[in-house]
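First up is the structure itself, then whatever we jot down about it.
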Amino acid sequence: MLKITPYMGPLVIIVSIAGLWYPILGYFMLLVFGAIFLIAPFRGRWFCGNLCPRGSFMDFWVGKISTKKKIPRSLKSYWIRVPLFLLMMVFMGYRLINTHGIINQIGMVLVIMCLTTSSIAVLLGVTIAPRTWCTFCPMGTLQSIVGVNKYPLQVDMEKCIKCHKCEKVCPMYLNIVDITHNPDCIKCGRCIDVCPKDALSFGKVNRSS
Ligand code: SF4
Ligand code: SF4
Ligand code: SF4
């Protein structure tokens, strides 16, 4: 995790709320999309665990009041996530076409998208777990598909004592020890920090493991 990661969250509030009066702030979303497209082919979902303002907001703000239940497995299914991604793209495309290229209207479409998805994310974050939205977020799904094998988390089974401390701190509730290099790992590194045996690291996929 980068040192700035915990401080990215307020950007969500600024874009979602101030953007209603200053739609130009919506263009910040284009920076987010650009970063995702640049990073995902090399580092998978690294953006989600290190730079995404909403991810940061969920972890460091919503996390304080979340009930922190287990995220339902069904939400991790690509049968739900891929159709949701396609639906969102079609809907956004339709909304953007209807702006007829007017700068402020495009900005407002982006602001409303940020406000709507962030509101859903906060609701799920409080009632289930902070990263519930991130489990099926269309941008997260895109990164997991594009960067499926990139920068994977590896477990050194010779060092691992199966204490499962790593899984207790994983914000995505991943089964780290039994299923390595999960494409939904957001590369936050929290598991690495708590591992008492230094058994975890990021690296290349070891096909024989
Ligand atoms: S899944 Fe979506 S909201 Fe969550 S951190 Fe990634 S891009 Fe941000
Ligand atoms: S914290 Fe380290 S030693 Fe414990 S289960 Fe995870 S990888 Fe293994
Ligand atoms: S497996 Fe480790 S690096 Fe990946 S999301 Fe979970 S805690 Fe973060």
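State yes or no: is Phe91 of a type in the set (A, V, I, L, M, F, W, C), open to solvent by 70 Å² or more (accessible area, probe 1.4 Å) and either at pLDDT below 95 or in a helix (DSSP H, G or I) (or both)?
Details: of a type in the set (A, V, I, L, M, F, W, C): yes; open to solvent by 70 Å² or more (accessible area, probe 1.4 Å): yes; either at pLDDT below 95 or in a helix (DSSP H, G or I) (or both): yes.
Yes; evaluated as a whole, the condition is true for this residue.
Please work out if Tyr151 is touching a residue at least 40 places away in the same chain (Cβ under 8 Å), open to solvent by 20 Å² or more (accessible area, probe 1.4 Å), part of a loop (DSSP other than H, G, I, E, B) and within 14 Å of ligand 1 (Cβ to nearest atom).
Details: touching a residue at least 40 places away in the same chain (Cβ under 8 Å): yes; open to solvent by 20 Å² or more (accessible area, probe 1.4 Å): yes; part of a loop (DSSP other than H, G, I, E, B): yes; within 14 Å of ligand 1 (Cβ to nearest atom): no.
The answer is no for Tyr151.
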Within region 154-178, restricting to residues that are open to solvent by 50 Å² or more (accessible area, probe 1.4 Å) and within 10 Å of ligand 3 (Cβ to nearest atom), the one that is farthest from Pro6 (Cα to Cα) is Asn175
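Determine whether region 183-196 contains at least one residue that is more than 20 Å from Gly55 (Cα to Cα), not in a helix (DSSP H, G or I) and not aliphatic (A, V, I, L, M).
Taking region 183-196 first, the residues more than 20 Å from Gly55 (Cα to Cα) are 194-196.
Next, only the ones that are not in a helix (DSSP H, G or I) stay: 195-196.
Of the ones still in play, those that are also not aliphatic (A, V, I, L, M) are 195-196.
The answer is yes; a qualifying residue exists.
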Condition check for Lys3: surrounded by fewer than 13 Cβ atoms within 10 Å (Cβ to Cβ), within 16 Å of ligand 3 (Cβ to nearest atom) and under 18 Å from the mean Cα position of the chain (by Cα): no
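Does Glu158 satisfy being within 14 Å of ligand 2 (Cβ to nearest atom) and under 20 Å from Leu75 (Cβ atoms)?
Details: within 14 Å of ligand 2 (Cβ to nearest atom): yes; under 20 Å from Leu75 (Cβ atoms): no.
Judged against the criteria, Glu158 is not a match.
The values are calculated or read from the model by the stated rules, or taken from the named source; none is laboratory data. Quick caveat: nothing in here was measured; it's all calculated off a predicted structure. Note: ideal-geometry Cβ built from the backbone for every residue, glycine included; neighbour counts use all protein chains shown. Just the protein is used for accessible areas: all its heavy atoms, side chains included, with ligands, DNA and RNA removed. Shrake-Rupley method; radii C 1.70, N 1.55, O 1.52, S 1.80 Å.
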